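These notes are about the structure you will find just below.
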Amino acid sequence: MTDYRTRDGDRVVVRRGGPGRTIAIIAAVLAVIAAILFATGFWSADVKEGALPDVDVSAKGGALPKVDLDSKEVVVGTKETSVDVPKVKTEKEKIDVPVVGVKDNGER
């Protein structure tokens, strides 16, 4: 749906239906017609009993494929090494810090 105004100030609404809407309407009409044909007896469905075929299935256990693999060895461990490590040191110093307070002179 598109809504726009003309130069005269008139409001024009244009509705556009896409092909999906048309196909859905046609499918609904066909479904209603088919339902009516089945309900009136014009069409009938003769369904007979059925069964799945008997199938003999047998399987033999398999084996993993034989593989000759040459790989590298992964070695994990530790070794002693010298590394520069920074040290953080704290000290106490006396400094003046600002203080905020309220002084009451006894008046309320």
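Where a ≥ b ≥ c are the square roots of the eigenvalues of the C-alpha gyration tensor, would you call the chain rounded, which needs a/c under 1.5, or, failing that, prolate if a/b is larger than b/c, or oblate?
oblate
What do you get for the angle between helix 19-40 and the principal long axis of the chain? Use alpha-carbon atoms, 0 to 90 degrees, nearest ten.
Tilt relative to the chain: about 50 degrees.
Test of understanding: in a Gaussian network model of the chain with alpha carbons linked when under 10 Å, which of ASP96, ASP56, ASP84 would top the mean-square fluctuation ranking?
ASP96
Please check: in the Gaussian network model of the chain (C-alpha springs, under 10 Å), which one of GLY50, GLY77, GLY61 has the largest mean-square fluctuation.
GLY77
Values quoted throughout were computed directly from the atomic coordinates according to the rules given, and no laboratory measurement underlies them. This one's a predicted model, so the numbers in the text were calculated from it and none came from an experiment.
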